[in-house]
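Throughout, read-outs are computed from the coordinates displayed, never taken from laboratory work. In this text, all values refer to a predicted model and were calculated from it rather than measured experimentally. Methodologically, a virtual Cβ is constructed for each residue, glycine included, from the backbone with ideal geometry; neighbour enumeration extends over all protein chains shown.
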Amino acid sequence: MFVLLISIVLALIIVIFAIQNAIVVPIDFLFWSTDLPLVIVIFCSVFAGALLMFFLALWRELKYKIGKREIKSKLNPIKSNNSVEEKIKETQTDLIKKTNDEVNKEQFDNKDQQMISK
């Protein structure tokens, strides 16, 4: 509702502006010449400025996203190196556990053999 009220107020301001600036003015650009209402000239100038600002903001946003993507691609090898290091640590831990299990099994087997021999 608030946006609708703001839109109506802006539309009324634009209508008043257009009525007050309906004077026809000569426009000369290079070899081209014409007569247009002043309101059309002002609106076209504002529209051209807004369009220029939109494209500059779009270019800046794309540049930011491309830079962000490049940073992520540079960080990905670092992450993969970290995962390799983590896998190495896991493998070492597994090997230590297996070795401890084997040592415990051998000790248990030795005790069993000693008891059997007695």
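Relative to the current alpha-carbon distance between Phe17 and Leu95, full extension at 0.36 nm per residue lengthens the span by 19.9 nm. Cβ-to-Cβ counts within 10 Å put Met1, Met53 in ascending order as Met1, Met53, the fewest first. With the Cα gyration tensor of the stretch 1-105 giving a ≥ b ≥ c as the square roots of its eigenvalues, does the rule (a/c under 1.5 for rounded; else a/b larger than b/c for prolate; else oblate) give rounded, prolate or oblate? Oblate.
In sequence order, the stretch 42-55 has phi-based couplings of 5, 4, 5, 5, 5, 4, 5, x, 5, 5, 4, 5, 4, 5 Hz under the Karplus curve 6.51 cos²θ - 1.76 cosθ + 1.60, θ = phi - 60°, and Gly or Pro positions carry x.
Amide H contacts under 5 Å for Ile27: Thr34, Asp35, Leu36, restricted to partners 5 or more places along the chain or on a different chain, H placed in the peptide plane at 1.01 Å from N.
For Leu10 and Leu75, a Förster radius of 30 Å and the Cβ-Cβ distance give a FRET efficiency of 0.05, rounded to the nearest 0.05.
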